[in-house]
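Notes follow once the structure below has been shown.
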Amino acid sequence: MKSVKPKKNLGQHFLIDLGIAKRIADTVDAYPAIPILEIGPGMGVLTQYLVTKEREVKAVEIDAESVAYLHENFPKLRDNIIGEDFLRMDLNEIFGGRQFVLTGNYPYDISSQIFFKMLDYKNLIPCCTGMIQREVALRMASEPGNKQYGILSVLIQAWYDVEYLFTVDEGVFNPPPKVKSAVIRMTRNKVERLGCDEVLFKRLVKTVFNQRRKMLRVSIRQMFPGMTASPEFYQQDIMTARPEQLSVAQFVSLTNVVEAELNRLKG
């Protein structure tokens, strides 16, 4: 079978540097002995190294042409190539409820959605590695006080330790993307519960970062639709900060403060 033609509508940029492919595959070694799920294998440049890891490997690929190519070139994986949309899958079903490492050369346009889905299944995925747009990788790994620090930083770092491993130049892809890429690794931390209402936490983080240049005392008003929080609530020291200055722990504390005020207002 001929090579698969990269499809713009799927955001496909096929890695052609085998040395980098092997380096990416080796990032899963940080969490040995459990199965591997690869997203978007394309023509299998990463897959060929993953299957040497002596553990179960499955691959999810939405592109039918790529699925046919993988069936022909990786016959041992025939029953483990899943021709579906990862974002629509129930991840509990893939390995029968067992934990697995998530990896891949992730499509740039849906990488954030992939990681938000990972958070929904965080107890199934103790480790996630792979290659993404460098800008997104910097946001994920950023610490408070940096301009890259944002929604993705806080929500991921609440549950995972993020490592920015190395940068990848544009020229090692077909076709070359217009931006640099980066390889990251996320390892589940020891947090089992945040210590706050986790749904409210997520809502709060998204709300204040949507007005990231404003002080919290301004952006946080959206957490009280149709209500007026007390003057004392807005007089707390933290209200003069901007969202990128807050650590995950501070967002947890702020979530509890907001919840208490909401409960007071609702009587």
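The values are calculated or read from the model by the stated rules, or taken from the named source; none is laboratory data. Please read all numbers here as calculations on a predicted model, not as lab measurements. Quick reminder, even Gly has a Cβ in these numbers, built from the backbone with ideal geometry, and neighbours come from all protein chains shown. Note: accessible area is taken over every heavy atom of the protein model, side chains too, but ligands, DNA and RNA are not part of it. Shrake-Rupley method; radii C 1.70, N 1.55, O 1.52, S 1.80 Å.
For the reader, a short list of remarks on this structure follows.
- For segment 199-238, the C-alpha radius of gyration sits at 1.13 times the compact-globule guess of 2.2 N^0.38 Å, with N the residue count.
- Theoretical FRET efficiency, 1/(1+(r/R0)^6), r = Cβ-Cβ of Leu265 and Val191, R0 22 Å, to 0.05: 0.15
- At the residue level, Ser253 shows approximately 70 square angstrom of accessible surface with a 1.4 angstrom probe and all protein chains present.
- Normalised radius of gyration (Cα atoms, divided by 2.2 N^0.38 Å) for segment 46-204: 1.10.
- Using a Förster distance of 41 Å, the FRET efficiency for Glu93-Thr228 (Cβ separation, nearest 0.05): 0.30
- Using the Cβ-Cβ distance between Arg23 and Lys147 with R0 set to 30 Å, the FRET efficiency from 1/(1 + (r/R0)^6) comes to roughly 0.60.
- Taking each residue as 0.36 nm, the span from Ala33 to Ser253 lengthens on full extension beyond its C-alpha to C-alpha distance by 75.5 nm.
- Surface/4 of the Cα convex hull for the chain, nm²: 15.5 nm²
- Seen against the Cα atoms of the chain and their longest principal axis, helix 64-73 is set at about 50 degrees.
- Split the accessible area of segment 180-267 by element, probe 1.4 Å, and carbon with sulfur accounts for 48%.
- For segment 10-125, convex hull volume per residue from C-alpha positions, Å³: 100 Å³
- Among the protein heavy atoms of segment 70-173, carbon and sulfur supply 41% of the accessible surface, probe 1.4 Å, non-protein parts ignored.
- Counted charge near Val208, where neighbours are those whose Cβ lies closer than 9 Å (Asp, Glu -1; Lys, Arg +1): +4
- Centre separation in Å (Cα based) which lies between segment 8-58 and segment 195-245: 40 Å
- Cubic angstrom per residue, convex hull over Cα atoms of segment 217-267: 72 Å³
- Applying the Kirkwood pairwise sum to the alpha-carbon positions of segment 170-231 produces a hydrodynamic radius of 15.8 angstrom.
- Listed by chain and number, the aspartates and glutamates placed with their C-alpha closer than 19 angstrom to that of Lys58 are Asp26, Asp29, Glu38, Glu72, Asp79, Glu84, Asp85, Asp90, Glu93; residues fewer than eight positions away on the same chain are left out.
- Per residue value of the accessible surface for segment 117-182 (all protein chains in place, 1.4 Å probe), Å²: 40 Å²
- Partners for Lys180 among aspartates and glutamates (Cα-Cα distance below 15 Å; same-chain residues under 8 apart left out): Asp17, Asp109, Glu135, Asp169, Glu170
- Cα extents of segment 114-196 along the three principal axes, largest first (Å): 45, 30, 18
- Degrees separating the helix 111-120 axis from the principal Cα axis of the chain, which is the longest one: 70 degrees
- Mean-position separation - Cα centroids, segment 88-149 and segment 60-78, in angstrom: 23 Å
- Helix axis angle, 198-209 relative to the chain longest principal axis, alpha carbon, degrees: 80 degrees
- Within a Gaussian network of the chain (alpha carbon springs, distance under 10 Å), most fluctuating of Ile238, Ile184, Ile24: Ile238
- Approximate spin-label separation Gln245-Ser3, in nm, with each point projected 7 Å along Cα-to-Cβ: 5.2 nm
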